[in-house]
Amino acid sequence: TATRFSHGQHQNHGIANPGYIPAAAWPAAMFAPPVAEHASPSAPPAGMFDNMPGYEGTVAGGGGFLPPPMPAQPVPQPSPGPEQPHWNIPSITEDNARDAFSLYASSKCCYSSAPAKDGVIINMESFNTYRYRLETFTESRSTEWSHEPYNGQPVDAYVQHPPGPWDIPAKVPTFFVDSEQKMKVPYTSSMKPCHDCLGSGRKPCKDCAGCGNKVCWVCNGSGFRHGGDRCHHCNGRGRENCAHCHGQGSKQCTTCHGKQQLLVFILLTLCILSFFFWTDNIIMGFPDPTVVQAAQRLVGDHQGKFLRTSRILQQRQTIELIPVTKVTYTWKGKTYVYFVYGNEFKVHTNDYPATCCCSVM
């Protein structure tokens with residue numbers, strides 16, 4: 001322990017100022033330079049972990065996802081849906097197309113309403129346009145050695161054989177909502193001395209190197225202020241108690257929270273994730289044999305990709321209809337085209353024939 005002096009222990013060594021202790025008379029411990037705190041291991045030592053049957057490859061920090069057991073039955077293949085005899089979506093009416101074009105023109109400050117009002121629609125062509133989306137809902141599991149401060153939790157290691165990582169029941173997930181569950185593997189918990197503080201519950205304070213005091217910042221260790229007055233901050237000692245450890249020289253171990261013991265166990269992490277695929281380009285004319293074949297191929301690709309590391313819980317396919325109508329019209333003897341798309345009847349055109357330049361005064 002560090003030697004400490006109170007005011008009553010100061011002695012007069014022939015110096016004009018009683019209570020001042022010459023540097024040569026100070027204990028060597030008070031001049032010891034701060035030393036680095038013993039570096040804490042980044043992870044518990046390997047010898048701290050028991051050899052659990054079925055979990056021999058488990059390490060601290062995790063070792064990757066565990067392959068699920070082979071399914072007892074083959075993964076079911078998607079079955080074709082019922083026949084849909086009426087896939088063609090009827091075109092919008094001319095009134096719908098004209099109203100949508102008029103609304104589009106009025107939303108543009110530089111567009112004349114004349115083409116939309118006086119143009120003559122000569123042809124309307126509808127497109128059955130679809131977008132394909134595949135969702136694969138998976139569950140993956142990984143294990144790692146973990147620990148927490150011991151507070152009287154059950155210690156059950158070797159009471160019986162621990163269940164396999166894929167045999168541990170989990171909460172029923174909400175389909176297509178990502179989630180994570182963490183749980184202790186049953187029959188793997190044991191009590192061990194804390195590796196960080198060697199079972200003492202405390203660690204040397206790094207701010208004072210375990211001395212409990214530091215050089216006074218007011219007098220810089222001299223015990224006196226300018227003018228020869230004794231430093232009142234340190235009472236002439238030249239050192240002050242460390243504020244971080246309150247003069248104790250040590251602080252509570254943050255790993256075991258001062259409990260000296262740790263509960264060491266295998267932690268199972270269960271990840272529920274959704275993976276998506278959707279077509280970059282729009283699929284035209286569904287249903288089409290090539291589209292059906294592509295969907296079957298994508299389902300198979302997802303199954304082959306994820307079954308090595310995950311358990312596929314469910315797959316979902318969605319085909320989204322995007323109604324598009326190509327409208328051809330004439331105005332002042334020339335032919336133009338615009339498109340009406342979506343259920344909101346939005347309009348797109350690249351060649352509106354009557355625009356002007358606007359300026360804001």
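The values are calculated or read from the model by the stated rules, or taken from the named source; none is laboratory data. In this text the structure is predicted, and so the values were computed from the model without any measurement. Here the Cβ positions follow ideal geometry from the backbone for every residue, glycine too, while neighbour counts run over all protein chains shown. These area figures cover heavy atoms from the full protein model, side chains too; ligands, DNA and RNA do not enter into them. Shrake-Rupley method; radii C 1.70, N 1.55, O 1.52, S 1.80 Å.
You will find that of Leu307, Leu298, the residue that is over 30 Å from Tyr104 (Cα atoms), out of contact with any strand residue (DSSP E or B) (no Cβ under 8 Å at 6 or more places or on another chain) and crowded, with 16+ Cβ neighbours inside 10 Å is Leu307 and no other. Just one of the listed residues (Cys271, Cys216, Cys211, Cys231) is under 30 Å from Asp167 (Cα atoms) and either of a type outside the set (D, E, K, R) or at pLDDT below 90 (or both), namely Cys271. Looking across Gly342, Gly333, one residue alone is within 37 Å of the chain's Cα centre (by Cα), surrounded by fewer than 16 Cβ atoms within 10 Å (Cβ to Cβ) and not charged (D, E, K, R). It is Gly342.
Regarding Lys182, is this residue at negative phi and at pLDDT below 95? Give the derivation first.
On the way: at negative phi: yes; at pLDDT below 95: no.
So Lys182 fails the test.
Per-residue answers, yes or no, for (1) closer than 30 Å to Met52 by Cβ; (2) among the small types (Gly, Ala, Ser):
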position: Asn213; (1), (2): no, no
position: Val218; (1), (2): no, no
position: Gly221; (1), (2): no, yes
position: Phe224; (1), (2): no, no
position: Cys234; (1), (2): no, no
position: Ala243; (1), (2): no, yes
position: Gly249; (1), (2): no, yes
position: Leu263; (1), (2): yes, no
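Kindly provide the set of residues from the stretch 72-115 that are under 46 Å from the mean Cα position of the chain (by Cα), at pLDDT 70 or above and not in a helix (DSSP H, G or I), ordered by number. So that I can check it myself, show each step before the final result.
Residues of the stretch 72-115 that are under 46 Å from the mean Cα position of the chain (by Cα), as a first pass: 72-84, 86-89, 100, 103-104, 107-108.
Okay, now just the ones that are also at pLDDT 70 or above, so 100, 103-104, 107-108.
Across the stretch 72-115, the qualifying residues are Ser107, Lys108.
For Val291, state whether it is more than 20 Å from Phe137 (Cα to Cα) and either at pLDDT below 95 or surrounded by 14 or more Cβ atoms within 10 Å (Cβ to Cβ) (or both).
Values: more than 20 Å from Phe137 (Cα to Cα): yes; either at pLDDT below 95 or surrounded by 14 or more Cβ atoms within 10 Å (Cβ to Cβ) (or both): yes.
Yes, satisfied.
Of the residues making up the stretch 137-162, those that are assigned to a loop (DSSP other than H, G, I, E, B) and open to solvent by 20 Å² or more (accessible area, probe 1.4 Å) are Tyr150, Asn151, Gly152, Gln153, Pro154, Val155, Asp156, Ala157, Tyr158, Val159, Gln160, His161.
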